[in-house]
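Enquirer: Let me begin by handing over the structure; questions about it come next.
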Amino acid sequence: MFEFSLDGTAGGARAGTLTLPHGVVQTPCFMPVGTRGAVRGLHPDEVRGAGAQIILGNTYHLHLRPGEATVAALGGLHKFSTWDRPMLTDSGGFQVFSLSGMRKLDENGVDFVSHIDGSRHRLTPESSMEIQWALGADIAMAFDHRLPGQSSHDDARDAMERTLRWLERSRRRHEELAAGSPPRQTLWPIVQGGTHDDLRLASLEGILERGPWTGVAIGGLSVGETKPAMHHVLDVLSPQLPTDRPRYLMGVGFPDDLLEGIARGVDMFDCVAATRNGRHGSAWTADGKVQVRGAPLRLDEGPLDPECDCEGCTRFSRAYLRHLFVAEEQLGPRLVSIHNLRFLIRLAETARLRILDGTFDTWAAAWRQRYFAKGNAK
Ligand SMILES: [Zn+2]
């Protein structure tokens, strides 16, 4: 259980197979985000139909509503949501530091105020492990202290060192919870350190000293830093990461980010952009973005993306999708959300094939050129 094997490499890019209690995940892979126990607006069969092998659940949201005790009483998040493939939960740290109001941070944990009803809560490394254990995902994440993308060296060092101390506490509590039960959840650490090379490397070194781990996550990216800065952090970390463990780049998942991450050795991605953009009528294609509400689509009988195999593209016209958005029919946001998920998942699937057949670099170069050719912003 929790085994990872490399099936092939192409330069820095990797194709692997991760075995988890709820199934096997072939990497590189994109994980749709089921924020509150559902991928926003979609039926689990639609998420499965888009090719998702693993999805995410958000500890912060599920802790506030319905509460982990309720989820546990109903058999855990898999049974409750009927998603029977692998699942990962985040630690809640990201939302506590970004979404909730009036937080107070101390060495023990974080006080925060619910964005739903203003109620007061406290999250610590220990309580994050208890919540995630009750939710029951295959992979739990260590509780980390996250900072904005362009934090000072001093602030980033402070947060990185605290994250290591919290990692030890996360691990201890997770081991206590897991003791005596069959292996059903593993815990992954998160590399922090902002955009500072020395801190990133120190964070990774501290994590590996506290190992072994079944996977390693890279956090604190795509939070306001530039794309070259994000690529640089991956370039710095990639040679130092264990080759025989999966690497998860947290919260990153625009199409070009996926490609650049894969090229730099990342195996797993998640991001809400696919469904968020889908709800707003922004669709990804190999030629860049299509605005589904746009007037030019009014009489367009062609498919949204002629290369896509999702239902929105194989069954409906651009004109019909546009009509759904203009008329505010719920089917429109749903179909474009599915399309965007399928686009990212297909991108990861194609990357895997190109890694395995040794043509990844030429394929990736052609992909970039085409994606940005029509003036789509990098
Ligand atoms: Zn499609």
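Enquirer: Would you mind calculating the gained length between VAL24 and GLU328 on full extension (0.36 nm times residue separation, minus the Cα-Cα distance), in nm to one decimal?
Expert: 105.6 nm
Enquirer: When the chain is modelled as a GNM with alpha-carbon springs shorter than 10 Å, which of GLU161, GLU46, GLU209 fluctuates the most?
Expert: So, out of GLU161, GLU46, GLU209, the one fluctuating most is GLU209.
Enquirer: How high is the FRET efficiency from LEU99 to MET1, r the C-beta distance, R0 25 Å, rounded to 0.05?
Expert: Efficiency computed from Cβ-Cβ geometry: 0.15.
Enquirer: Further question on the same structure: Looking only at Cβ-Cβ distances, which cysteines of the chain have no other cysteine closer than 4.7 Å?
Expert: If one checks each Cβ against the other cysteines of the chain, CYS29, CYS271, CYS310 turn up with nothing under 4.7 Å.
Enquirer: Let me ask something else. For ASP357 paired with GLN369, estimate the spin-label separation in nm (one decimal), with each label point 7 Å from Cα along the Cα-to-Cβ line.
Expert: It works out to 1.8 nm between the two label points.
Enquirer: In whole percent, what relative contact order does segment 159-226 give with Cα contacts below 8 Å and a gap of six or more residues?
Expert: 37
Enquirer: In whole Å, how far is the Cα centre of segment 212-270 from that of segment 273-298?
Expert: Distance between centres, Cα-based: 26 Å.
Enquirer: Mind sorting GLU126, GLU176, GLU311, GLU301 by how few other Cβ atoms lie within 10 Å of their own Cβ, fewest first?
Expert: The order, fewest Cβ neighbours first, is GLU301, GLU176, GLU311, GLU126.
Enquirer: Continuing with this model, one more query. Counting helices only, and only those DSSP H runs with n ≥ 4, report the 222 nm mean residue ellipticity of the chain as the sum of -39,500 (n - 2.57) divided by its residues, in deg cm²/dmol to the nearest 500.
Expert: Calculated mean residue ellipticity at 222 nm is -12500 deg cm²/dmol.
Enquirer: Within a 10 angstrom radius of the beta carbon, how do LYS289, LYS374 rank from fewest other beta carbons to most?
Expert: Fewest-to-most ranking of LYS289, LYS374: LYS374, LYS289.
Read-outs throughout are calculated quantities, based only on the coordinates presented, and are distinct from any laboratory measurement. The shown structure was predicted, so the numbers you read here are calculated from the model rather than taken from an experiment. When we count neighbours, we look across all protein chains shown, and the Cβ atoms used for this are built from the backbone with ideal geometry, even at glycine.
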